[in-house]
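**Q** I am attaching a structure below and will ask some questions about it afterwards.
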């Protein structure tokens, strides 16, 4: 960790590049968490299919993932700003274990699945908030982009592991063995919970502590460009969330096997990982505004290819485009918030980002569930592509005006 916590709290950024000793267990933990979530989210959709629930339940369950976290994000951000990022990670890991137990033993009806999804969403909120602030602590301004890039690569590796696992266990079935996948997710959650205790809280003496200036939400949102960057973050996160939720439904509509769905998600994860490895270089080559625009347009094109009634081989190509574009776009949206926000208000800005993401994950899937009843999953993916492209253009315009 940076050795001068007081300077960070007073607005002066520490100059160290990257604290790899602190970062390494954190990256392992982030990969495991994403492994769990990629298994659980897709398996939940397949469990809904198994139970033959109405299409509207897809939207309700996806919205439930964000319902309670909407009200917890700001208090959680203040808790983390007091040096509790590691403790938030511990709590979130424990909540995922609890949710995993529920999915294994009581996820046999719509309401229990909804409630367990809410619990999983709360755990994920604690983890994402803790992870993001912890990653900022692991480097000074020189190494921050490298930390963000490595963090997002770890997430992509977790996604890839989850997708490969689903494909491997599906064995050509349209619906994979959901009970086995839920048990596997629980076992990984237990391992992640143990690993989380290698992530240590920041040690700050009372003599060094100086509270940062207090900024209100309205004041932060008036920072030029920040509202647009936060909105782009909402769109990218909601887009990925809806892709994971509705791809199994799209597959059933087109008679695509669960194994092929696993391959599609694996392709996305590999493409995402490849794009994030070159995050820093892309940023230096194109600049923030252009890199964000290009990545989001590429992601939008990928969504449109998936939405079209094309052969599965062309869907593979579309998923490469989507994975690379959205993989870079999500990383840039996280980095852009840190870039635009004032130093003393970064914790609150990151919290607002998470709040916006959760609001998007609550409202958008519910609306998508209604739309899907008439258009099918393809129509949802087409609309997502439009929103991603529009957000990229908005970010580009906002940076030009700054």
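**Q** Say whether the condition of being farther than 25 Å from residue 35 by Cα and surrounded by fewer than 20 Cβ atoms within 10 Å (Cβ to Cβ) is met by at least one residue in region 332-342. Can you show your working first?
**A** Of the residues in region 332-342, the ones farther than 25 Å from residue 35 by Cα are 336-342.
Still in the running and surrounded by fewer than 20 Cβ atoms within 10 Å (Cβ to Cβ): 339, 342.
The answer is yes, given that some residue of region 332-342 is farther than 25 Å from residue 35 by Cα and surrounded by fewer than 20 Cβ atoms within 10 Å (Cβ to Cβ).
**Q** Quick check: is even one residue across region 304-316 closer than 25 Å to residue 149 by Cβ and surrounded by 23 or more Cβ atoms within 10 Å (Cβ to Cβ)? Before you say what the answer is, go through the steps one by one.
**A** Quick first cut of region 304-316, residues closer than 25 Å to residue 149 by Cβ only: none.
No, region 304-316 contains no residue that is closer than 25 Å to residue 149 by Cβ and surrounded by 23 or more Cβ atoms within 10 Å (Cβ to Cβ).
**Q** Separate question: Just the residues that are modelled with pLDDT under 90 and under 27 Å from residue 169 (Cβ atoms), please, taken from region 276-306.
**A** 276
**Q** Could I ask something else about it? Which helices (runs of 4 or more DSSP H) does region 65-164 wholly contain that include 3 or more residues that are touching a helix residue (DSSP H, G or I) at 6+ places or on another chain (Cβ under 6 Å), over 26 Å from residue 271 (Cβ atoms) and modelled with pLDDT of 90 or more?
**A** It comes to 85-105, 110-137.
**Q** Also, quick follow-up: For residue 147, work out the one condition from (1) within 15 Å of residue 33 (Cα to Cα); (2) crowded, with 24+ Cβ neighbours inside 10 Å it doesn't fulfil.
**A** (1)
**Q** Name the one entry in 318, 262, 323 that is in contact with a helix residue (DSSP H, G or I) (Cβ under 6 Å, 6 or more places away or on another chain), closer than 23 Å to residue 154 by Cβ and at pLDDT 85 or above. Reasoning before the result, please.
**A** Details: 318 fails: closer than 23 Å to residue 154 by Cβ; 262 fails: at pLDDT 85 or above.
Within the list 318, 262, 323, the selection yields 323.
**Q** Quick check on my filter: what residues within region 36-57 are touching a helix residue (DSSP H, G or I) at 6+ places or on another chain (Cβ under 6 Å) and either outside any helix (DSSP H, G or I) or without any contact (Cβ under 8 Å) to a residue 40 or more places away in the chain (or both)?
**A** 53, 55, listed by residue number.
**Q** Could you say which residue among 224, 201, 176 is modelled with pLDDT under 85, surrounded by 23 or more Cβ atoms within 10 Å (Cβ to Cβ) and either touching a strand residue (DSSP E or B) at 6+ places or on another chain (Cβ under 9 Å) or not in a helix (DSSP H, G or I) (or both)? Before you say what the answer is, go through the steps one by one.
**A** Working: 224 fails: surrounded by 23 or more Cβ atoms within 10 Å (Cβ to Cβ); 201 fails: surrounded by 23 or more Cβ atoms within 10 Å (Cβ to Cβ).
Every option except 176 fails the conditions.
For every residue, the table says whether it meets (1) without any contact (Cβ under 8 Å) to a residue 12 or more places away in the chain; (2) within 26 Å of residue 48 (Cα to Cα); (3) in contact with a strand residue (DSSP E or B) (Cβ under 6 Å, 6 or more places away or on another chain); (4) not in a helix (DSSP H, G or I).
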site	(1), (2), (3), (4)
247	no, yes, no, no
262	no, yes, no, no
270	no, no, no, no
310	yes, yes, no, yes
321	no, no, no, no
327	no, no, no, no
331	no, no, no, no
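The values are calculated or read from the model by the stated rules, or taken from the named source; none is laboratory data. Bear in mind the structure is a predicted one, so any value in this text is a computation, not a measurement. With ideal geometry, Cβ positions are generated from the backbone for all residues, glycine too; neighbour counts draw on all protein chains shown.
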